[in-house]
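Notes to accompany the following structure.
No value in this document is a laboratory result; all are computed from the given coordinates. The model shown is predicted, which means the values in this text are computed figures rather than measured ones. Neighbour counts are summed over all protein chains in view; Cβ atoms, including those assigned to glycine, are modelled from backbone coordinates with ideal geometry.
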Amino acid sequence: MTNKRQEGFSLIELLIVVAIIGIIAAIAIPNLLASKRAANEGSAQATMRTLTGAEATYQATAGAGNFGSLTELSGQSLVDTVLAGGNKSGYHFVVTETDAAGGVPASYFSTAAALKATGVTATGTRNFASSESGVITFAAATADDTPMTASTASSPIGQ
């Protein structure tokens, strides 16, 4: 008499394992994407703080009372070359500066707009803005890469 040993997993056992892995992935992937969006928004807020400090430094030193563009800030090594390129961590950054003239003081307005504002691959759900006041404000991102304007209704972060 010979005893044939059957070793390995049955098809049912393998299907159960695949189903369990699928359920775990269905729970984990949305959380991972939400974490990435939150990290991108945190990075954008930190970058806006960096821009605020860089603008103040530029105005007091190389700017002779005026604020600088991203290229000018990078030229003075006040921001990194990635930020000077305009895109960083899923956001597009723009700085618009106005030089002092005719008794009107110099000013600037910096924005951070989510590159992809909607869908599963969204890089952020809020856009950010800052000016020479140093207050960073936010508003809901409504379209891809559409920056806030000075007239956009917004709230200070943290409130």
#### Entry: Test set (1) more than 17 Å from ALA114 (Cα to Cα); (2) surrounded by 19 or more Cβ atoms within 10 Å (Cβ to Cβ); (3) touching a residue at least 24 places away in the same chain (Cβ under 8 Å); (4) not basic (Lys, Arg) - TYR58 fails condition number
(3)
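Looking at segment 74-98, which of its residues are assigned to a loop (DSSP other than H, G, I, E, B) and under 19 Å from THR61 (Cβ atoms)? Steps first, answer last, please.
To start, the set of residues in segment 74-98 that are assigned to a loop (DSSP other than H, G, I, E, B) comprises 76-80, 85-86, 89-90.
Within segment 74-98, GLN76, SER77, LEU78, VAL79, ASP80 qualify.
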### Query
Restricting the search to segment 127-146, which residues are within 14 Å of SER107 (Cβ to Cβ) and buried (at least 20 other Cβ atoms within 10 Å of the Cβ)?
ALA129, SER130
### Task
Considering each residue of segment 71-98, count those that are surrounded by 14 or more Cβ atoms within 10 Å (Cβ to Cβ), farther than 19 Å from THR146 by Cβ and either in contact with a strand residue (DSSP E or B) (Cβ under 8 Å, 6 or more places away or on another chain) or in contact (Cβ under 8 Å) with a residue 24 or more places away in the chain (or both), and give that number.
6
### Message
For ILE12, only one of the following conditions fails: (1) surrounded by 11 or more Cβ atoms within 10 Å (Cβ to Cβ); (2) over 30 Å from ASN66 (Cα atoms). What is its number?
### Response
(1)
### Message
Which pairs turn up if I take residues in segment 27-53 that are closer than 15 Å to GLY119 by Cβ and look for partners that are β-branched (Val, Ile, Thr) with beta carbon separation below 7 Å, at least 6 apart in sequence or on another chain?
### Response
LEU33/VAL120; ARG37/THR123; ARG37/THR125; ASN40/THR123
### Message
Yes or no: segment 102-117 includes at least one residue that is crowded, with 20+ Cβ neighbours inside 10 Å, out of contact with any Ser or Thr (no Cβ under 7 Å at 6 or more places or on another chain) and not charged (D, E, K, R).
### Response
yes
#### Entry: Qualifying residue in segment 24-41 (condition: among the polar types (S, T, N, Q), under 16 Å from the mean Cα position of the chain (by Cα) and part of a helix (DSSP H, G or I))
yes
### Query
Which is within 30 Å of ALA28 (Cβ to Cβ) and within 21 Å of the chain's Cα centre (by Cα), of GLY53, GLY134, GLY86, GLY90?
GLY90
### Task
For VAL94, state whether it is farther than 28 Å from GLY158 by Cα, out of contact with any helix residue (DSSP H, G or I) (no Cβ under 6 Å at 6 or more places or on another chain) and β-branched (Val, Ile, Thr).
no
### Task
Among the residues of segment 107-142, write down those that are more than 16 Å from THR50 (Cβ to Cβ), assigned to a loop (DSSP other than H, G, I, E, B) and touching a strand residue (DSSP E or B) at 6+ places or on another chain (Cβ under 9 Å).
LEU115, ALA117, ALA122, THR123, GLY124, THR125, ALA141, THR142
